[in-house]
Amino acid sequence: MAVRVRQDSYIQQPVVPEQQQPKKQQSNRKKSRITVKEKFLYIAFVAVVAVLAVSILHKQSSIQQTSMEIQKIESQISEIEKQNVDLKVQVSELSTYERIWEKAKALGLTLNENNVKVVPGE
């Protein structure tokens, strides 16, 4: 038996650097591509920071308003205390015995010792 050896000629093609091109595309995809989860997390983070900032500003403004009201009330209290001190001075000046005696004389009242009663204990 005769065996025939078949010889096919294979054409060898040069190896194309295909590996380099996909790497460039993959690297571009990685840099420019943000996943949906990352976008959601970023938006959620920004929203939380914004809400916290607004709440802090609101609380600070309410604290400022309250402190202004406290200052107004304290100034009113000091004003009323001054008025009370002035009125006490006036009462002490108007309630002296000499002034009361002068007013009694001006109204025509006289001192009758028989009508004077002394209350003990006071």
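The values are calculated or read from the model by the stated rules, or taken from the named source; none is laboratory data. If you're wondering where the values come from, they're calculated on a predicted model, not measured in any experiment. Every residue, glycine among them, receives a Cβ derived from its backbone with ideal geometry; neighbour counts consider all protein chains shown.
Being outside any helix (DSSP H, G or I) and either in contact with a Phe, Trp or Tyr (Cβ under 8 Å, 6 or more places away or on another chain) or loosely packed, with under 10 Cβ neighbours inside 10 Å (or both) is the filter here, so list the residues in the stretch 95-113 that pass it.
Passing the criteria: Ser95, Leu107, Gly108, Thr110, Leu111, Asn112.
Within the stretch 45-63, can one find any residue that is within 49 Å of the chain's Cα centre (by Cα) and among the aromatic types (Phe, Trp, Tyr)?
Checking the stretch 45-63: at least one residue is within 49 Å of the chain's Cα centre (by Cα) and among the aromatic types (Phe, Trp, Tyr).
Please tell me if Ser92 is assigned to a helix (DSSP H, G or I), at pLDDT 90 or above and loosely packed, with under 10 Cβ neighbours inside 10 Å.
Spelling it out, Ser92 is indeed assigned to a helix (DSSP H, G or I), at pLDDT 90 or above and loosely packed, with under 10 Cβ neighbours inside 10 Å.
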